[in-house]
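Chemist: Take this structure first; my questions come after.
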Amino acid sequence: MTGGRLAGRVALVTGAARGQGKAHAVRLAQEGADIIATDLDVPDLSAEVESCGRRLVARAADVREAEGLRAAVADGVAEFGRLDVVVANAGVAQVAPSLSPEAEDVWRLALEVNLTGVWNTCRATLPYLIEGGRGGSMIITGSTQAYKSTPGTAAYSATKTGVLGLMRALAIEYAEHMIRINSVHPTTVWTPMLAELSPDGMSEEELREFYRPVNGLPVPWVEPEDVSAAVAFLASDDARYITGTALPVDAGALLVGGRAKRGGAS
Ligand SMILES: NC(=O)c1ccc[n+]([C@@H]2O[C@H](COP(=O)([O-])OP(=O)(O)OC[C@H]3O[C@@H](n4cnc5c(N)ncnc54)[C@H](O)[C@@H]3O)[C@@H](O)[C@H]2O)c1
C-alpha cells in the first residue's frame with residue numbers, strides 16, 4: 001500500500017484489462033481511488049481493486065466509439081457520484097513499412113484508437129471534471145515514439161506525437177477549470193503489447209539483449225508499475241501545479257541513439 005493520495009477520488013482508466021492500464025488501475029486503487037475501468041472486453045479487476053478496499057465499475061467500451069464510451073463513463077459516475085482522474089491509456093501498436101499493403105490498415109487503426117480514441121476519452125470525461133468544480137487530472141499515454149521513431153512505425157509515431165499536441169491544446173483550454181492535463185511517454189514496457197511486437201522464438205535472455213540498446217540505463221524495458229508510479233504522481237495533488245507537461249518514463253531512451261535491431265515499437 002502506497003498511501004492515500006487519491007482517497008475519496010474516482011479514476012477512469014481505459015485499456016485496463018492488461019498491461020499498463022491494469023497496473024494503473026491497481027496503483028490508483030492503492031492510492032485510494034474508486035476505479036472505472038474500460039477495455040474492449042470487461043476488465044477483470046475486481047479482486048485487485050477490492051483487495052485495496054476500493055470499488056470498481058468495469059465496462060466493455062471501445063474508445064473508437066464515442067457513444068459507448070460516454071455510456072460507460074456515465075455508469076461509473078452514476079455509481080460513484082464524481083470523477084477526478086482520467087487515464088487515457090488504451091492503445092495499439094503495429095509495425096509495417098509505410099509502402100507495404102498492410103500499412104493502410106495499420107495507419108487507420110492507429111489513428112482511430114491512439115488518437116481519436118484519446119480524443120473521445122477526453123470529450124467523454126471533461127464535462128464531469130468541469131461540472132464537479134474541483135478540478136481534475138487527465139493523463140494521456142504517449143510514448144518515446146512521440147520524439148524518436150523506428151522504421152515501420154510511421155502510424156504509431158504519428159499518433160503518439162499527435163497526442164502530445166492534443167494534450168497541450170486541452171491543457172490550455174481547460175486550465176481555467178483547474179483541470180490538469182499531462183502525458184507520460186514510456187520507453188519499452190514489458191507488457192503483452194511488447195511481447196507481441198517482439199521477434200518470434202527468442203528466449204527472455206535474447207529479448208533482453210535485443211531491447212537493451214533502446215535505453216540509456218542498462219535495462220531492456222521498464223515494468224508497467226514504473227509507468228503507474230508516474231501516472232499516480234500526476235494524478236495526485238503532489239503534481240497540483242503541473243499541467244501541459246510530457247513526462248518521459250524512458251530509462252534514458254531519449255538520451256541515446258540505440259534501438260532494437262528490428263521492429264519493436266515502444
Ligand atoms: N508496451 C510498450 O512498450 C509501450 C511503450 C510506450 C507506450 N505504450 C503505450 O502504452 C499504452 C498501454 O499499452 P500496453 O503496453 O499496456 O499494451 P497492451 O496491448 O498490453 O494493453 C493495451 C490495452 O488496450 C486495449 N485496447 C486496444 N484497443 C482498444 C480500443 N479500441 N478500445 C478500448 N481498449 C482498447 C487492449 O485490449 C489492451 O487491454 C498504449 O497506449 C501503448 O501505445 C506502450
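Chemist: For the range 83-102, give me the residue count where each residue is within 21 Å of the chain's Cα centre (by Cα) and either closer than 20 Å to His177 by Cβ or not polar (S, T, N, Q) (or both).
Modeler: Of the residues in the range 83-102, 11 are within 21 Å of the chain's Cα centre (by Cα) and either closer than 20 Å to His177 by Cβ or not polar (S, T, N, Q) (or both).
Chemist: With the structure loaded, tell me whether Leu166 is within 18 Å of Thr125 (Cβ to Cβ) and touching a residue at least 24 places away in the same chain (Cβ under 8 Å) or whether it fails that test.
Modeler: Yes: the conditions hold for Leu166.
Chemist: Continuing with the same structure: Which residue pairs have Cβ atoms closer than 6 Å, lie 6 or more positions apart in sequence or on different chains, and pair a first residue in the range 216-234 that is over 27 Å from Gly244 (Cβ atoms) and among the polar types (S, T, N, Q) with a second residue that is more than 15 Å from the ligand (Cβ to nearest atom) and at pLDDT 95 or above?
Modeler: Cβ pairs passing all conditions: none.
Chemist: Now, a different point. Can you find, within the range 190-234, the residue that is modelled with the lowest pLDDT among those that are away from the ligand (no atom under 14 Å from the Cβ) and closer than 24 Å to Val26 by Cβ?
Modeler: Filtering the range 190-234 for residues that are away from the ligand (no atom under 14 Å from the Cβ) and closer than 24 Å to Val26 by Cβ, the one modelled with the lowest pLDDT comes out as Glu204.
Chemist: Among the candidates Ser100, Ser51, which residue alone is closer than 17 Å to Thr153 by Cβ and more than 9 Å from the ligand (Cβ to nearest atom)?
Modeler: Ser100
Chemist: For Val57, state whether it is at pLDDT 95 or above, surrounded by fewer than 23 Cβ atoms within 10 Å (Cβ to Cβ) and in contact with a Phe, Trp or Tyr (Cβ under 8 Å, 6 or more places away or on another chain).
Modeler: yes
Chemist: Additional query: Take the residues in the range 120-153 that are within 30 Å of Pro213 (Cβ to Cβ) and among the hydrophobic types (A, V, I, L, M, F, W, C); name whichever of them is surrounded by the fewest Cβ atoms within 10 Å (Cβ to Cβ).
Modeler: Residue satisfying both the conditions and the ranking: Ala146.
Chemist: Looking only at the range 17-31, decide whether some residue is surrounded by 23 or more Cβ atoms within 10 Å (Cβ to Cβ), of a type in the set (Asp, Glu) and under 13 Å from the mean Cα position of the chain (by Cα).
Modeler: no
Chemist: Looking for whichever is within 13 Å of the ligand (Cβ to nearest atom), within 21 Å of Ser236 (Cα to Cα), aliphatic (A, V, I, L, M) and not in a helix (DSSP H, G or I) here; the options are Ala25, Ala7, Ala16. Which one fits?
Modeler: None of the other options fit; the residue is Ala16.
Residues checked against (1) at pLDDT 95 or above; (2) closer than 21 Å to Gln145 by Cα; (3) more than 12 Å from the ligand (Cβ to nearest atom); (4) not charged (D, E, K, R):
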site: Glu79; (1), (2), (3), (4): yes, no, yes, no
site: Val86; (1), (2), (3), (4): yes, no, yes, yes
site: Val92; (1), (2), (3), (4): yes, yes, no, yes
site: Leu111; (1), (2), (3), (4): yes, yes, no, yes
site: Asn120; (1), (2), (3), (4): yes, no, no, yes
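Chemist: Criterion first (within 14 Å of the ligand (Cβ to nearest atom), at pLDDT 95 or above and under 17 Å from Ala251 (Cβ atoms)) does Val163 satisfy it?
Modeler: Against the criterion (within 14 Å of the ligand (Cβ to nearest atom), at pLDDT 95 or above and under 17 Å from Ala251 (Cβ atoms)), Val163 does not qualify.
Chemist: Could you give me the residue pairs with C-beta distances under 7 Å whose first residue belongs to the range 245-257 and is on the phi > 0 side of the Ramachandran plot, whose second residue is assigned to a loop (DSSP other than H, G, I, E, B) wherever it lies, and which are 6+ apart or on separate chains?
Modeler: Here the result reads Ala251/Thr187; Ala251/Asn215; Ala251/Gly216; Ala251/Leu217; Ala251/Val219; Gly252/Asn215; Gly252/Gly216; Gly252/Leu217, each pair linking the range 245-257 to a residue that is assigned to a loop (DSSP other than H, G, I, E, B).
Chemist: Separate question: Can you confirm whether the range 39-47 contains a residue that is crowded, with 16+ Cβ neighbours inside 10 Å and closer than 21 Å to Pro186 by Cα?
Modeler: yes
Chemist: Can you tell me which residues in the range 225-253 are closer than 19 Å to Leu170 by Cα and surrounded by fewer than 17 Cβ atoms within 10 Å (Cβ to Cβ)?
Modeler: Arg240, Tyr241, Ile242, Gly244, Thr245, Ala246
Chemist: For Val118, are the conditions met, namely being touching a Leu at 6+ places or on another chain (Cβ under 9 Å) and within 29 Å of Pro218 (Cα to Cα)?
Modeler: Taking the combined requirement at face value, the residue does not satisfy it.
The values are calculated or read from the model by the stated rules, or taken from the named source; none is laboratory data. Keep in mind that this is a model prediction, so the values were computed, not measured. Positions of Cβ are backbone-derived with ideal geometry, glycine not excepted, and every protein chain shown enters the neighbour counts.
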